[in-house]
Amino acid sequence: MASPQTDPRITSIQPGGGIVMRLELAWGCVRRWYLWVFRRGYIQRMERTRKGSENVCPHPVFDPRDVKFFRNLGGYHWETKDDPFAWRDRLPFARVGLAELLVFSLLTFVPAAFCLWALFGLGARGAWGWFFGIDAVVLLVIGGLIVWFFRDPPRRIPTGEGVVVSPADGKIVEIEELEHDESIGGPALKVGIFLSIFNVHINRVPMACRVESLSYEPGKFLNALRPESARENERMIVKLQETGPRARKLIVSQITGAIARRIVCWLKPGDELAVGEQFGMIKLGSRTELFMPREPGLDVCVKNGQTVKAGSTVVARYAQSE
């Protein structure tokens, strides 16, 4: 069962659902039928290495692929060494976006290949030549942008006491000092980051921390550049507590945009993460906000309009403890 500190509306790592998610779940039914009929031995081997005492998924669990969308609820899981699909984490693309990458590639690169075949293989000329040529270029550009969007480049994570790294790639669009933030429990600094479709959309934690709670708010899909999008758009609010001696509270808010409509967050209360560790993504353009305590000696290291990178750009630095 989900932790009582988790919003009951969070029933999967992608609470907003989506067509591709439904396609994956439907494919999972077919895959499990195949395994049950033809690969009973494989199922038994996976059962022997499976951890956890209960199945929280709405379907049988045969291997790690079956818990992909529900791993934030606890239940069955596998250690990395026992996961035959762990190699997917080493791909230069976000693992949670591989299905979208496959679907959009089929919808763009395959038709583009047909257009190129018609243009050069069949020798289409005149109006048909222009038609196939333009279509091929448009489809290749769109497909290339999709591939670029789901990339997962390595990042060098800064070290040092009091360092706060950016939770997202993008452009700083807001830096605001708040007199009091209820969740922080006092004065706070708010940093808003806009992510375009050209940015990496994987989110990372700003400090070594423990997850306190998560809450999910359905909403609109306004342009993420608009300040009201932070209040009115669909969003996931992740409350964190620094695992260092000061135990500072931080909040990272994942916010959808006009194009990005799918928030992914695989955290659950109690999880402990290292600074810069990945915890989710927002698919196809969005906004991320970071709230942190405003203390004497806090050095803000970014400014409005600056481009930042998740996990590697230092947003702020707290004075070292005495």
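Bear in mind these aren't lab numbers, they're just calculated from the coordinates by the rules spelled out. In this text, all values refer to a predicted model and were calculated from it rather than measured experimentally. As a convention, Cβ positions derive from the backbone with ideal geometry for all residues, glycine included, and neighbour counts pool all protein chains shown.
Structure summary
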| read-out | value |
| --- | --- |
| Inter-label distance, nm, simple model (7 Å from Cα along the C-beta direction), residue 274/residue 22 | 4.0 |
| Among the listed pairs 220/283; 81/309; 171/309; 81/283, those beyond 19 Å (Cα-Cα) | 81/309; 81/283 |
| Dipole of the chain, positive direction: furthest Cα of 70, 306, 237, with charges on the beta-carbon | 70 |
| Net dipole in debye of the chain [+1 Lys, Arg Cβ; -1 Asp, Glu Cβ; about Cα centre; nearest 20] | 1120 |
| Compactness of region 49-137 - radius of gyration and Dmax, Cα, Å | 21.3, 66 |
| Order of 57, 301, 29 under a 10 Å beta carbon neighbour criterion, fewest first | 29, 301, 57 |
| Highest-fluctuation residue, 280, 162, 126 considered, GNM on the chain with Cα pairs under 10 Å | 126 |
| Residues 7, 169, sorted so that the one with the fewest Cβ neighbours within 10 Å comes first | 7, 169 |
| Per-peptide average of other Cβ atoms within 10 Å, ordering 132-139, 206-213 highest first | 206-213, 132-139 |
| Pair residue 303, residue 131: separation of 7 Å Cα→Cβ label points (nm) | 5.5 |
| Footprinting exposure proxy for 59, 201 (fewest neighbouring C-beta atoms within 10 Å first) | 59, 201 |
| C-alpha long axis of helix 40-49 to longest principal axis of the chain, angle in ° | 10 |
| Dipole of the chain, positive end: most advanced residue of 198, 187, 292 [Cβ charges, Cα centre] | 198 |
| Computed [θ] at 222 nm, deg cm²/dmol, the chain (DSSP H ≥ 4; -39,500 (n - 2.57); rounded to nearest 500) | -8000 deg cm²/dmol |
| Compactness index (Cα Rg / 2.2 N^0.38 Å), the chain | 1.11 |
| Cleavage-rule hits, GluC sites (Glu not before Pro), region 8-85, DSSP coil, Cβ neighbours within 10 Å at most 12 | 54, 79 |
| Per principal axis, descending, Cα span of region 163-317 in whole Å | 40, 32, 28 |
| Magnitude of the charge dipole, region 19-91, Cβ model with Lys/Arg +1 and Asp/Glu -1, debye to 20 | 180 |
| Segment residue 319-residue 141, extension gain: residue separation times 0.36 nm, minus the distance between their alpha carbons | 59.4 nm |
| Point-charge dipole on Cβ atoms (K/R +1, D/E -1) for region 163-317, about Cα centre, debye to 20 | 420 |
| Among 106, 267, 284, residue whose mean-square fluctuation peaks in a GNM of the chain (springs only between Cα atoms under 10 Å) | 106 |
| Inter-centroid distance (Cα atoms) of region 154-215 relative to region 108-141, Å | 44 |
| Formal net charge of residues neighbouring residue 80 (Cβ-Cβ distance under 15 Å; K, R +1; D, E -1) | +3 |
| Cα long-axis angle, helix 126-149 against the chain (0 to 90 degrees, to the nearest 10) | 30 |
| Region 1-74-region 242-258 distance, computed between alpha-carbon centres (Å) | 28 |
| Neighbourhood net charge (13 Å Cβ-Cβ; Lys/Arg +1, Asp/Glu -1) for residue 66 | +2 |
